[in-house]
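Report on one structure; see the data block that follows.
The values are calculated or read from the model by the stated rules, or taken from the named source; none is laboratory data. Since we're looking at a predicted model, the values are computed, not measured. Cβ atoms come from the backbone with ideal geometry, glycine included; neighbour counts cover every protein chain shown.
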Amino acid sequence: MKIKTKLRIGFGFLFIIVLSFGLIALFYLNKLSDKSKVILADNYESLNYVSAMRNILDKNPGVLNQQNTQIFEDNLKKELDNLTEPGEKAAAEKLNVAYNQYKKSPSDHVKENIIKDIRSALHSIDQVNMKAIYHKNQLANKTASSANFYIILAATISFIILFTFIINFPGFVANPLAEFSSAIRQISRKNYKQRLHFDNKDEFTELANAFNGMVVKLNEWENSNLSKIKSEKSRIEAIIAQMQDAIIGLNEKGEILFLNHLAAKLMNLDEEQVIGQNADELMKKNELLKRIIKPETDDKTLKIYADERESYFVLESREIRIPNYDDGEEKTLIETEKSAGNVYILKNITQFKELDEAKTNFIATVSHELKTPLSSIKMSLKLLKDDRVGTMNEEQTELVENIKEDSDRLLKITSELLDLSQVETGNLKLTFAVTKPEEIVQYAIDAVKFQAEQKSIQLEINCSTNLPKVNADIQKTAWVMVNFLSNALRYSAEKSKVMIDVLQKDKFIEFSVQDFGKGIDEKYQKRLFDRYFQVPTDGQNKSGSGLGLAISKDFIEAEQGKIWVESAIGEGSKFCFTLPVVE
């Protein structure tokens, strides 16, 4: 039977119960009303007629006049027509006989005796009707009690039936829905053995059969993919175990989810025992694990003693984000993301570190060895230019001048390479001294003054007065200014100007050199301070080694300062650095 049919039958049954109760109540109320009408109709009229005749006799003792006689006869006639109770007819006929005798009697004395008979007959009629009223009242009360009893009985039976219906009928719909809800929750927990069984042959039964079919398909899908998932898991674990990098994985609760053999070896841990343990507890006993998970500095390079030698590793960490579905029972599914944990990777860069050190040592050795012959070449060039050795023609003088320029350039490059090797090996030595910013600027200007005069470039100095002193290496800081000024002069047009600004900003002194040349494209500005990087040129300007700005950056940062560039095509470039003032 369909659910719609069952609902119709149920509500039809309720309608019949309510209708039956209404009909029963209406029947007994009508019956009680009929009894009441009987009491109020015939007996009341008879008593009214008798009362009217008695009033005439009371008002006219003795002989009745014509008007009173007419009234008396009218009421007597009405009474004779309204004989409804047993005994009332005999009393009424007795009254009629007595009244006829009264009319025929000639003597007043006889009439008085007859009036007594009339009064007796009237009294008899009164008694008959009063008894009848009492009897009918008793009958009406009995009928009312009976009606109340049957109405209450019908109401009680209807209430019991309706209450039972209200309690049980909603369960017809709610119980299957509750079973469906419970089954769906079980399926959400991957309990694919859950089944629903209904034998009512209605829509719920059809829905249960469809649900059971869906569960079977889900179970088949789960079983078919479980082996694939296990296989993929084993393969991933094998890949992680054989990787040359140390890998550690934590879940969202901070527990060790996995770590490969290399990671366990570096941290001296048993990989089988630590799986599932809390990382915070392990960090209390393992300093290296603490440095990996909660590093105290931004330096990602770790030096670890492993395989009886010092090895270098670069730390990389990644937070794993996965889709999250908030499956509240009464809420719409909302797709968000949540953290599934973190993965930490230690990449072994020992080989690259060794190669870098070998490169640095090679550069330092070659640069040191080149400085001696270059110095000898410069001395020889100086002697050649002396007239006491001999006079050179114009072509020879030009060749010697070119050799001198190339020698100076080579000597500058070897000096920069030596400085770079000192920085890379950590042997950079700074001689700090408290000095005025003006002295550093003047030292640099004196060094490039001749070069500026050759191109007729004006050096414009804008230096604030009463500047506080700085604690810096004068020579190396001046070298940075010289490098800025040399680049500015190289890329400035003849008869232009270069501006040098020195001013205080908060607790720092800012040094800047600004030219009005072609400027630097924005895509190159981020790499200007990288080693060996050179901005592409049009061939008109000789390029250097690409180390000047990189070494300048190392010098300034070693002095707790900051270095940067501001430039735009067609507007020139402004190179700046800051140094902290002396408190």
Filtered residues of region 463-501 (kept if small (G, A, S), out of contact with any strand residue (DSSP E or B) (no Cβ under 6 Å at 6 or more places or on another chain) and assigned to a helix (DSSP H, G or I)): A478, S486
Test for I39: is it at pLDDT below 80 and either closer than 30 Å to Q138 by Cβ or in contact with a strand residue (DSSP E or B) (Cβ under 9 Å, 6 or more places away or on another chain) (or both): yes
Residue list for region 435-470, restricted to those being under 19 Å from F555 (Cα atoms) and in contact with a Ser or Thr (Cβ under 8 Å, 6 or more places away or on another chain): I440, K469, V470
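In the list A155, A178, which residue meets the criterion of being touching a helix residue (DSSP H, G or I) at 6+ places or on another chain (Cβ under 7 Å) and either under 30 Å from P86 (Cβ atoms) or modelled with pLDDT of 75 or more (or both)?
A155
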Selection count where residues are touching a residue at least 40 places away in the same chain (Cβ under 8 Å) and farther than 15 Å from Q127 by Cβ, scope region 62-89: 3
Only listed residue being hydrophobic (A, V, I, L, M, F, W, C) and either out of contact with any strand residue (DSSP E or B) (no Cβ under 7 Å at 6 or more places or on another chain) or modelled with pLDDT of 80 or more (or both), chosen from I363, I334, I349: I363
Among the candidates A144, A183, A91, A154, residue that is buried (at least 17 other Cβ atoms within 10 Å of the Cβ), in the same structural domain as R8 (by TED's automatic domain parsing) and either under 26 Å from N48 (Cβ atoms) or touching a His at 6+ places or on another chain (Cβ under 9 Å) (or both): A91
Boolean, I167 is β-branched (V, I, T), at pLDDT below 80 and either in contact with an Asp or Glu (Cβ under 8 Å, 6 or more places away or on another chain) or assigned by TED's automatic domain parsing to the domain that holds K77 (or both): yes
Some residue of region 419-433 being outside any loop (DSSP other than H, G, I, E, B) and modelled with pLDDT of 75 or more: yes
Yes/no for R235 being surrounded by fewer than 15 Cβ atoms within 10 Å (Cβ to Cβ), modelled with pLDDT of 70 or more and not in a loop (DSSP other than H, G, I, E, B): yes
Residue under evaluation A493, criteria (1) over 57 Å from the mean Cα position of the chain (by Cα); (2) surrounded by 14 or more Cβ atoms within 10 Å (Cβ to Cβ), criterion not met: (2)
Some residue of region 532-548 being at pLDDT 90 or above and among the polar types (S, T, N, Q): no
Out of N65, N55, sole residue that is more than 60 Å from the chain's Cα centre (by Cα) and modelled with pLDDT under 80: N65
Some residue of region 268-276 being over 30 Å from I187 (Cβ atoms), at pLDDT below 80 and surrounded by 11 or more Cβ atoms within 10 Å (Cβ to Cβ): yes
